[in-house]
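S.K.: One structure, as structure tokens, below. Some questions next.
The values are calculated or read from the model by the stated rules, or taken from the named source; none is laboratory data. These numbers come from a predicted model, not from an experiment. Heads up, the Cβs are rebuilt from the backbone with ideal geometry, glycines too, and the neighbour counts pull from every protein chain shown. With ligands, DNA and RNA removed, areas are computed over all heavy atoms of the protein, side chains included. Shrake-Rupley method; radii C 1.70, N 1.55, O 1.52, S 1.80 Å.
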Amino acid sequence: MTDASGSSAARQDAPSRSAPTADIARLNDLLQRVAHKDRDAFALLYATTSAKLFGTVLRILSNKGLQNHRGLAEDIVQEAYVNIWQKAAQFDARKASPITWLVTIARHGAIDYLRRQPASQPEGDDVLNQTASSDPGAQAHLEHQQDAQRLYQCLDELERDRREMVRLAYLDGWSRADLATQFNQPVNTIKTWLHRALKQLKGCLSS
Amino acid sequence: MNEHDDLDMLAAEFVLGTLDSRERALVEQRRQQEPELEALIELWQQRLAPLGDEVQDIVPGPGLLARIEQRIETLENGTQQPTTSTREEDNRVVALHKRLRFWQWSTGLTSAAALVLVGVLLAQILQPSTPQSFVAVFQQNDQQPAFMLTVDLESRQLQVQAVTAEPLSGQSYQLWIKEPSLGPKPHSVGVLTDDMRLQSTALQEYDPDLLRNATFGISVEPEGGSPTGQPTGPAIHGYLYSTADEDGQHSL
């Protein structure tokens, strides 16, 4: 059981995760002002972060056979920013980095949307290739970021299929059923594999 | 596998996104009351968040900030519940009922100047072949359709067709749109020309999702349109009209 010890360390590390310190300080400041219903700060926050949120949501909705998925993505990002406006006061800089907090709201909006749709099969092979081939460049770009590097190292320790499953789920919004079809396994097996992969990842990250 | 492991895997899969709709709703509910689950979720968010760094930034459409601000404006003024593009079909009919009644109430105190009053509802037509096409029927005095409004959400083109309505000497028909994010009052879409038409691009500035949730109305106004910027006549009735099947007409 590593949670109790892992917990506080991870929390302290969180704010330094994904962006230079100055950006984090600026986003923290903007969020604080948004919590006080500062509309100029909100517009600035939007200008700084909307491409990230939109890119995240668009990727999750892509290749799902949705009509006008760009329009849907805008709707979801719209709801996300309304949520951000309403919940900014709940943001706790000690617990999460601001960009993670913002992206999480948008990601959950997109995944909630997908899960409410009748099951439709993602266009498998293309996505798989696209996901796989996007690795190297992105990784090079992230080399200076310790947390990211560590996560990628730990992902590399997973079996290839399990690593792909984690990536397809997190980045492309694939459900267990989607993964079951793609990897030609029963849903329960997928669940077991996912749990093993996640536990292995957690163990590696806390070592 | 103990209880804590189960909870941790629930948190992990919630963050990963692989839970189904029902499980996700349950976790959303439980995390409010269970600090342990909430803490586990936060930890998984931190663990997996670096993956998101490789997602390519994509700039959304130029009008999105304005739409967001408008939506916030509406919510802050406490006018209506937010609507979402993912509303269940059953709720949609109820919501249309509500919007219709809202429209009736808000225009129900009428000025005597109004001659013909037209109620309206925009119906979402669930038609697999043309899912972006919507039709509203405007009925006059509970008798016959007076106008039909067709909206193509994809292109945001509208077409108004007079069915039994006749041009009125010295007066004009005016089309209105009402939707929570636009505020509590109807907005003018445009005044119909003498040959009972309206520019097909009159709805161009509205977002398709907004149009899908909107209520439309036609009122009779002094020539050239309402002098007040608001309908001066009430809307009486609205009927949903579905082209999807012959029995698709829902009387409200």
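S.K.: Applying 1/(1 + (r/R0)^6) with R0 = 30 Å to the Cβ-Cβ distance of B:GLU23 and B:GLN204, what FRET efficiency is obtained, to the nearest 0.05?
M.R.: The computed FRET efficiency comes out at 0.15.
S.K.: May I pose another question? Based on Cα positions only, what radius of gyration and what Dmax would you give for the range B:3-54, in angstroms?
M.R.: 10.8, 34
S.K.: Within 10 Å of each Cβ in peptide A:187-196, how many partner chain Cβ atoms are there on average? Round it to a whole number, please.
M.R.: Average neighbour count from other chains, rounded to a whole number: 2.
S.K.: Next question, about the same structure. Output the residues of the range A:25-46 meeting this criterion: accessible area (heavy atoms, 1.4 Å probe) in the chain alone minus accessible area with all protein chains in place is 30 Å² or greater.
M.R.: Residues of the range A:25-46 that lose at least 30 Å² of accessible area once the other chains are added: A:ARG39, A:PHE42, A:TYR46.
S.K.: Could you compute how much accessible surface A:TRP101 exposes when probed at 1.4 Å, giving the result in Å² to the nearest 10?
M.R.: Answer for A:TRP101: close to 50 Å² accessible.
S.K.: If you rank A:TRP193, A:TRP174 by how much accessible surface each has, with a 1.4 Å probe, what is the order from largest down?
M.R.: A:TRP193, A:TRP174
S.K.: Something else now. What order, most packed first, do the peptides B:214-223, B:201-210 have when packing is the mean number of other Cβ atoms within 10 Å of each residue?
M.R.: B:214-223, B:201-210
S.K.: Run the simple label-point estimate for A:GLU157 and A:ASP29 please: 7 Å along Cα→C-beta, distance reported in nm.
M.R.: Each label point lies 7 Å from its Cα, and together they span 3.9 nm.
S.K.: Would you kindly state how much longer the chain becomes between A:GLN117 and A:ALA51 on full extension, computed as 0.36 nm times their sequence separation minus their alpha carbon distance, in nm to one decimal?
M.R.: Using 0.36 nm per residue and subtracting the Cα-Cα distance, I get 21.3 nm.
S.K.: Calculate the spin-label point distance for B:VAL59 paired with A:SER206, positioning each point 7 Å from the Cα along the beta-carbon direction, and give it in nanometres.
M.R.: Spacing of the two 7 Å Cα→Cβ label points: 4.4 nm.
S.K.: Round to the nearest 0.05 the FRET efficiency obtained for B:GLU36 and B:GLU154 when R0 = 41 Å and r is the Cβ-Cβ distance.
M.R.: For B:GLU36 and B:GLU154, the calculated efficiency is 0.30.
S.K.: Just to check I understand the Karplus step: with θ = phi - 60° and J = 6.51 cos²θ - 1.76 cosθ + 1.60, what whole-Hz values come out for the range B:174-183, glycine and proline as x?
M.R.: Values per residue, Gly and Pro as x: 10, 9, 10, 10, 9, 7, x, 6, 8, x Hz.
S.K.: Right, another one. How many partner chain Cβ atoms sit within 10 Å of a residue's Cβ in peptide A:74-85, on average, as a whole number?
M.R.: Rounded to a whole number, the mean comes out at 6.
S.K.: Just checking the output field for A:201-207: average partner chain Cβ neighbours within 10 Å of each residue's Cβ?
M.R.: The mean count of partner-chain Cβ atoms within 10 Å per residue comes to 2.
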